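Participant: Take a look at the following structure, please.
The values are calculated or read from the model by the stated rules, or taken from the named source; none is laboratory data. Since the model is a prediction, treat every value here as computed from it, not as a measurement. Quick reminder, even Gly has a Cβ in these numbers, built from the backbone with ideal geometry, and neighbours come from all protein chains shown. These accessible areas exclude ligands, DNA and RNA; they are computed on the full protein's heavy atoms, side chains included. Shrake-Rupley method; radii C 1.70, N 1.55, O 1.52, S 1.80 Å.
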Amino acid sequence: MFTIRKATPADADQIIKIAHQTWWPTYSQILSTEQISYMLSAIYLSDKVADQIATQSQIYLVLEEDEQPVAFASYSVREDDAEVYKLQKLYCHPSTQGKGYGKALIDYVVDVVQQASKKTLELNVNRGNNAKTFYEKMGFEVAYEEDIPIGPYWMNDYVMRKLL
């Protein structure tokens, strides 16, 4: 049994915990230890996540299994195109992968996008990340490739889109 709810700033530390527990097994085969450490410290700071939630610059969702947070997602309207929503983050604790939680979070965001009368949901996924196959099963297609500098590192991503 699971529930999905909107996060509050008080959820920031739990979100960060899930991110740390998920990033290492997800990215250790495709990114250096130094890059993973840097990215986690740049993206997942308690104050930063809490502020994103409080200001709603990103809407965070928390998925709880037996009242324990085990997955999260965040989304926002794309800054440069209000017709497109962006799935900013989607991470499920490794022990829960395969339970349908990622699909449930995507379905929740798809509902939000449709209620806003928009037709496009997009996301970035590292070109070496096996999650690309999952996103394809969820109806996303590669639109283009994008290389994003983050500090001294690069995120080499596919931008994938799902038309609703």
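Participant: In this structure, is Y91 open to solvent by less than 70 Å² (accessible area, probe 1.4 Å), among the hydroxyl-bearing types (S, T, Y) and touching a residue at least 40 places away in the same chain (Cβ under 8 Å)?
Facilitator: yes
Participant: How about segment 130-145: which of its residues are part of a loop (DSSP other than H, G, I, E, B) and modelled with pLDDT of 95 or more?
Facilitator: Answer for segment 130-145, where residues must be part of a loop (DSSP other than H, G, I, E, B) and modelled with pLDDT of 95 or more: M138, G139, F140.
Participant: Here's something else I'd like to know. Among the residues of segment 102-140 satisfying the criterion of being more than 16 Å from L163 (Cβ to Cβ) and of a type in the set (S, T, N, Q), which is most open to solvent (accessible area, probe 1.4 Å)?
Facilitator: Q115
Participant: So, restricting to helices (runs of 4 or more DSSP H) that lie completely within segment 5-61, which ones have at least 3 residues that are crowded, with 18+ Cβ neighbours inside 10 Å?
Facilitator: 12-27, 46-55
Participant: Please work out if D157 is surrounded by fewer than 16 Cβ atoms within 10 Å (Cβ to Cβ), more than 20 Å from I18 (Cα to Cα), of a type in the set (D, E, K, R) and modelled with pLDDT of 95 or more.
Facilitator: Considered against the rule, which asks whether it is surrounded by fewer than 16 Cβ atoms within 10 Å (Cβ to Cβ), more than 20 Å from I18 (Cα to Cα), of a type in the set (D, E, K, R) and modelled with pLDDT of 95 or more, D157 comes out as no.
Participant: Let me ask you something else. Going by what's in this entry, would V70 be described as outside any helix (DSSP H, G or I) and more than 13 Å from the chain's Cα centre (by Cα)?
Facilitator: yes
Participant: Okay, moving on. Which one of these does K99 not meet: (1) touching a Lys or Arg at 6+ places or on another chain (Cβ under 9 Å); (2) open to solvent by 70 Å² or more (accessible area, probe 1.4 Å); (3) of a type outside the set (S, T, N, Q); (4) under 24 Å from S28 (Cβ atoms)?
Facilitator: That leaves (1) as the condition not met.
Participant: Among (1) open to solvent by 80 Å² or more (accessible area, probe 1.4 Å); (2) part of a strand (DSSP E or B), which single condition is I148 missing?
Facilitator: (1)
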